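Novice: Have a look at the structure that comes next, please.
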Ligand SMILES: C[S@@+](CC[C@H](N)C(=O)[O-])C[C@H]1O[C@@H](n2cnc3c(N)ncnc32)[C@H](O)[C@@H]1O
């Protein structure tokens, strides 16, 4: 569910995930106290009443709020996950949005003194990714099911330069009964959405299906559950987007 939220929030605000989260959280917190008439909700959230009418119309279509009789707006169970209180994923969503969303990236790159060497580009990897020689997917694929991963990987394969490398950073499930943080994460993913942790063979199959040949598996040191999986794109796919 968290993955779906993030994906939705990004597209809902033209890639401005931070703004989308702020607006949604504001509404969710306000409505978390109980259903409110739209006029009152506009007062409580200090938002423009016209915009306020239009946002819930959209949100009701994706099961975040529902319109009740007499112009009252209520949160659904899904919408309630962004309000404060037990079961809320608001802090989690804010955490991911704030450290990964483009303006914060630009700020951080400036702090590190490398802003002139890096261009931060927003976008939806389910639609299109920039052309490049190397791609890094760092704890991304585990957020999604196999079909969604296949779409992300196919978009990379379509945009990638010939011979491009793909580096995947993930906590890889061991094939043994040994304790491993990835096993715990896998249950957490089961609880929050479509994602899952995968074994090395499962990642290799996902990559191969998208036209990438796995070249290296570099497990982290014993105290670090993450592995690097490197793969090379063997052939340029037919419908590659232009550079
Ligand atoms: C689990 S976080 C990993 C963040 C970061 N790569 C890391 O290693 O810490 C998943 C990332 O996927 C990004 N994401 C989710 N949906 C996306 C989409 N449709 N297009 C592009 N990025 C997306 C989120 O913004 C978030 O930064």
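Novice: Could you list 119, 183 so that the one with the fewest beta carbons within 10 Å of its beta carbon is first and the one with the most is last? Please report the intermediate quantities before stating the final value.
Specialist: Details: 119 9, 183 15.
Neighbour counts put them in this order, fewest first: 119, 183.
Novice: Express the relative contact order of the range 125-233 as a whole percentage, based on alpha carbon pairs under 8 Å and six or more residues apart in sequence.
Specialist: 31 percent
Novice: Based on other C-beta atoms within 10 Å, arrange 127, 139, 81 from fewest to most.
Specialist: 127, 139, 81
Novice: At a 10 Å Cβ-Cβ cut-off, how would you order 65, 72, 134, fewest neighbours first?
Specialist: Least to most surrounded, the residues fall as 134, 72, 65.
Novice: Can you give the direction-averaged projected area of the convex hull of the alpha-carbon atoms in the range 69-188, in nm²?
Specialist: Values: hull surface 50.0 nm².
Mean orientational projected area (the range 69-188, Cα hull): 12.5 nm².
Novice: Turning to a different aspect of this structure: Restricting to bridges with both residues inside the range 125-233, how much of the DSSP beta-bridge set is antiparallel, in percent to the nearest 5?
Specialist: Details: 14 of 20 bridges.
Here the antiparallel bridges make up roughly 70 percent for the range 125-233.
Bear in mind these aren't lab numbers, they're just calculated from the coordinates by the rules spelled out. Every value quoted in this text rests on a predicted model; they were computed, and no experiment measured them. Quick reminder, even Gly has a Cβ in these numbers, built from the backbone with ideal geometry, and neighbours come from all protein chains shown.
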